[in-house]
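Heads up: the structure comes next, in structure tokens.
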Amino acid sequence: MNDFSFYSPTRIIFGKTALETIGPELSHAGYTKALIVYGGGSVVRTGTLDRVKASLDAAGIAHAELGGVRPNPDVSLVRAGIELGRTEHVDVILPVGGGSVMDSAKAIALGIPYEGDVWDFFVKRATPAARIPVAAVPTIPASGSEASNSSVISNDAEHLKCGINTDLNRPVMAFMNPELTYTLPAYQTAAGAVDMITHVLERFFSGEPAVPVTDHIGCGIIRTVIACAPRALEHPDDYDARANLFWAGTLAHNGLAGCGTNVPGGRDGDWTCHGLEHELSALDTSITHGAGLAVIFPAWMRHVWRAHPERFLAFAKEVFDIEAVDSTDEAVEDAVTATIDELQEFFVSLGMPRTLGELGVTEKDIERMIPGLTLNRGEVFGSFMQLTLDDARVIYRSAL
Ligand code: NZQ
Ligand code: ZN
């Protein structure tokens with residue numbers, strides 16, 4: 001087991017009464033004015049926004065609000081939020097929505113105390129030193145942003161999508177009522193399930209040796225998602241399925257599933273597939289992150305598995321109960337291929353795409369993604385197997 005540092009300071013308030021505790025919890029923590037951030041209107045239509053405001057009002061917490069965050073959120077609204085947060089003198093940011101809303105809130109939180117342009121953090125021109133606290137109200141199990149150290153923001157003007165990882169990004173609280181996720185469109189439920197599975201996979205396939213305790217946690221999360229996502233799709237108001245998915249999404253990305261499998265001194269995972277997917281979403285901001293990953297992850301697996309077949313065999317056994325019939329190269333290849341096929345079929349069974357073509361991406365788009373990939377990942381990247389930009393081209397092409 002490699003040395004690691006695990007930091008997950010987010011208080012999780014989980015269950016059917018979570019929204020009603022927002023005001024009391026924020027008040028107890030000493031906050032007096034919140035900037036509520038939300039998306040394209042789902043929280044208005046479902047009444048969630050009104051419930052949040054009622055809880056704040058009852059606790060005497062003032063609030064300003066900023067709506068209109070779109071999926072794959074653009075930095076321009078983040079800049080507007082920073083201005084608003086400053087003029088309104090808010091002392092906590094309260095995103096109510098999905099990963100796009102939470103990531104925008106985190107960026108606003110980093111930008112308020114910073115004199116320069118917040119985009120500096122995303123292109124590594126500056127390192128954040130302070131932030132306004134974020135308390136999150138997630139409405140979709142997917143990004144795990146409610147407890148993660150990441151914020152991922154697009155920059156339409158520069159055709160980029162970039163992330164910043166810092167413990168300053170970890171929300172201080174998250175209020176999670178699984179009932180809020182009943183209204184999710186099936187496509188978003190499915191994309192969220194894929195996203196959380198891949199948050200474990202990025203860590204499991206880091207290239208580092210097995211860590212049984214962490215591997216079992218990670219595979220347990222994946223088995224839970226595989227069991228619960230179809231139930232949630234069939235019965236959108238299945239509380240138990242929704243609740244388990246919601247919690248799985250948090251645990252998949254708060255760092256727990258990577259303890260000890262992290263690259264020594266480095267990140268807890270490989271993250272190549274996330275890098276390849278972020279370029280898809282930068283290319284076309286209508287591409288949903290989880291849908292892109294459903295295509296990219298199997299393609300990456302088929303490209304790299306020979307670097308550590310033992311990790312694939314461990315995953316095969318623990319998640320799909322697939323074993324190689326003997327230790328010959330052919331038997332190992334058969335077992336690994338069956339495992340990748342099974343994972344991909346699961347994604348497809350949820351309604352996710354199998355090919356980049358289904359996402360509208362064509363051969364000529366591949367070169368358009370390379371500059372962003374180079375900026376975000378460099379010319380050599382990956383820890384499970386070191387890859388070059390040519391490998392990235394091969395993976396993209398194999399997924400067309
Ligand atoms: O905008 P509204 O109207 O709210 O609708 C949203 C949006 O259209 C809708 N939605 C969310 N909750 C709903 C709902 N509709 C009905 N009922 C509800 N309860 O779902 C759509 C997608 O929302 P979005 O926030 O984009 O989804 P998600 O949570 O999947 O977030 C994706 C973003 O997170 C980033 C991705 O790159 C992407 O930009 N990620 C952030 C990470 C992090 N911060 O740790 C890690 C991830 O790997 C990921 O990169
Ligand atoms: Zn993700």
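The values are calculated or read from the model by the stated rules, or taken from the named source; none is laboratory data. Source: prediction; values computed, not measured. Quick reminder, even Gly has a Cβ in these numbers, built from the backbone with ideal geometry, and neighbours come from all protein chains shown. These accessible areas exclude ligands, DNA and RNA; they are computed on the full protein's heavy atoms, side chains included. Shrake-Rupley method; radii C 1.70, N 1.55, O 1.52, S 1.80 Å.
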_Evaluation of ASP117 against (1) in a helix (DSSP H, G or I); (2) closer than 12 Å to VAL78 by Cα (one fails), failing number_ = (1)
*Would you call VAL152 β-branched (Val, Ile, Thr), under 28 Å from ILE370 (Cβ atoms) and open to solvent by less than 10 Å² (accessible area, probe 1.4 Å)?*
no
*Looking only at the range 178-200, decide whether some residue is open to solvent by less than 10 Å² (accessible area, probe 1.4 Å), modelled with pLDDT of 95 or more and not in a helix (DSSP H, G or I).*
no
*asked:* Being among the charged types (D, E, K, R), away from ligand 2 (no atom under 13 Å from the Cβ) and in a helix (DSSP H, G or I) is true for just one of ARG203, ARG231. Which residue is that?
replied: ARG231
*Any chance the range 316-326 includes a residue that's open to solvent by 40 Å² or more (accessible area, probe 1.4 Å) and in contact (Cβ under 8 Å) with a residue 40 or more places away in the chain?*
yes
*the range 65-111, residues that are part of a helix (DSSP H, G or I) and more than 13 Å from ligand 1 (Cβ to nearest atom)*: SER76, ARG79, ALA80, GLY81, ILE82, GLU83, LEU84, GLY85, ARG86, THR87, ILE108, GLY111
*For the range 243-275, how many residues meet the condition of being away from ligand 2 (no atom under 15 Å from the Cβ), buried (at least 24 other Cβ atoms within 10 Å of the Cβ) and of a type in the set (A, V, I, L, M, F, W, C)?*
1
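Per-residue answers, yes or no, for (1) over 18 Å from HIS303 (Cα atoms); (2) open to solvent by 50 Å² or more (accessible area, probe 1.4 Å):
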position	(1), (2)
GLU333	no, yes
VAL348	yes, no
GLY360	yes, yes
ARG368	yes, yes
*Residues of the range 24-54 being under 18 Å from PRO138 (Cα atoms), free of Cβ contacts under 8 Å to residues at least 60 places away in the same chain and either crowded, with 22+ Cβ neighbours inside 10 Å or among the β-branched types (Val, Ile, Thr) (or both), which ones?*
VAL44
*Hey, could you check the range 158-177 for residues that are within 18 Å of the chain's Cα centre (by Cα) and either in a loop (DSSP other than H, G, I, E, B) or of a type in the set (D, E, K, R) (or both) and say which is farthest from ARG125 (Cα to Cα)?*
VAL172
